[in-house]
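Worksheet: one structure, shown below.
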Amino acid sequence: QVQLVESGGGLVQAGGSLNLSCVASGHTFGSLTMGWFRQAPGKEREFVATVSASGYSTYYKPAVLGRFTISRDDARSTMYLQMNSLKPEDTAVYYCAADPITRATSPSYNYWGQGTQVTVSS
C-alpha cells in the first residue's frame, strides 16, 4: 500500500510561483511512476504531468508546458511540481498519484494523495 502526502499549495497572484511536493511511503519509490492531476470546481479531474520511474521521461499537459516542471528525488521519496507563471485557470485541487505500472496520462493510477489547494488570483 502506497501512502501519498501533498503539500505546498496556497494562494498566489497571477504570474507567481508555487512548488508542490508529494512524499510517498509504503513502497519502493524508485519503482513508481508518478503523476500530478488537478480538479477545478465543477470539472473532471485532469492530467497535468507525469514522470517515469527512472526519472528520464516526463510528459506534460500542453497548457502547462514551459511553465510547470515535474521532478523526483528518489533519496527523499519525493516528487515535485514547480509551477511558474501561474494563471487563474490553474486554480484547482492538485493531486499526487503513483503506480508501479506505467499509467502515463491516464487517471487510472492506483494510489492518490488527499490533494492540495492552489488558488491563483487575477
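Of all residues being of a type in the set (Gly, Ala, Ser) and within 16 Å of Phe29 (Cβ to Cβ) in segment 75-95, which is surrounded by the fewest Cβ atoms within 10 Å (Cβ to Cβ)? Just the residue, please. So that I can check it myself, show each step before the final result.
At the first step, the residues of segment 75-95 found to be of a type in the set (Gly, Ala, Ser) are 75, 77, 85, 92.
Now narrow it down to the ones that are within 16 Å of Phe29 (Cβ to Cβ): 75, 77.
Working: Ala75: 8, Ser77: 18.
The extreme case among them is Ala75.
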Inset, instruction - Using the structure shown, decide if Arg38 is crowded, with 19+ Cβ neighbours inside 10 Å and of a type outside the set (Gly, Ala, Ser). - result: yes
Inset, instruction - Within segment 108-117, identify whether any single residue is free of Cβ contacts under 8 Å to residues at least 12 places away in the same chain, of a type outside the set (Phe, Trp, Tyr), touching an Asp or Glu at 6+ places or on another chain (Cβ under 9 Å) and closer than 23 Å to Val2 by Cα, and answer yes or no. - result: yes
Inset, instruction - With the condition kept exactly as written, say whether any residue in segment 82-92 is in a loop (DSSP other than H, G, I, E, B), touching a Ser or Thr at 6+ places or on another chain (Cβ under 7 Å) and of a type in the set (A, V, I, L, M). - result: yes
Legend entry - Subset of segment 16-27 [open to solvent by 10 Å² or more (accessible area, probe 1.4 Å), at negative phi and of a type outside the set (A, V, I, L, M)]: Gly16, Ser17, Asn19, Ser21, Ser25, His27
Legend entry - Failed condition for Gly30, given (1) open to solvent by 30 Å² or more (accessible area, probe 1.4 Å); (2) among the small types (Gly, Ala, Ser); (3) out of contact with any helix residue (DSSP H, G or I) (no Cβ under 6 Å at 6 or more places or on another chain): (3)
Inset, instruction - Read through the list (1) surrounded by 22 or more Cβ atoms within 10 Å (Cβ to Cβ); (2) in a loop (DSSP other than H, G, I, E, B), then give the number of the only condition that Ala98 fails. - result: (2)
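Kindly evaluate Val5 against the criterion of being assigned to a strand (DSSP E or B), buried (at least 16 other Cβ atoms within 10 Å of the Cβ) and among the aliphatic types (A, V, I, L, M). Let's see the steps before the verdict.
Numbers: assigned to a strand (DSSP E or B): yes; buried (at least 16 other Cβ atoms within 10 Å of the Cβ): no; among the aliphatic types (A, V, I, L, M): yes.
It is false that Val5 is assigned to a strand (DSSP E or B), buried (at least 16 other Cβ atoms within 10 Å of the Cβ) and among the aliphatic types (A, V, I, L, M).
May I ask you to list the residues in segment 59-74 that are among the hydroxyl-bearing types (Ser, Thr, Tyr) and open to solvent by less than 70 Å² (accessible area, probe 1.4 Å)? Step through it out loud before you land on a result.
Step one: filter segment 59-74 for residues among the hydroxyl-bearing types (Ser, Thr, Tyr), giving 59-60, 69, 71.
Passing the criteria: Tyr60, Ser71.
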Inset, instruction - Sort out which residues of segment 101-122 are surrounded by 12 or more Cβ atoms within 10 Å (Cβ to Cβ) and in contact with a helix residue (DSSP H, G or I) (Cβ under 8 Å, 6 or more places away or on another chain), and write them in order of number. - result: Val118, Val120
Inset, instruction - Could you run through segment 47-71 and say how many residues are in a strand (DSSP E or B), without any contact (Cβ under 8 Å) to a residue 60 or more places away in the chain and closer than 22 Å to Pro100 by Cα? - result: 10
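The values are calculated or read from the model by the stated rules, or taken from the named source; none is laboratory data. Everything quoted here is computed from the prediction, not taken from an experiment. Every residue, glycine among them, receives a Cβ derived from its backbone with ideal geometry; neighbour counts consider all protein chains shown. Protein only, heavy atoms only, side chains kept; ligands, DNA and RNA dropped before computing areas. Shrake-Rupley method; radii C 1.70, N 1.55, O 1.52, S 1.80 Å.
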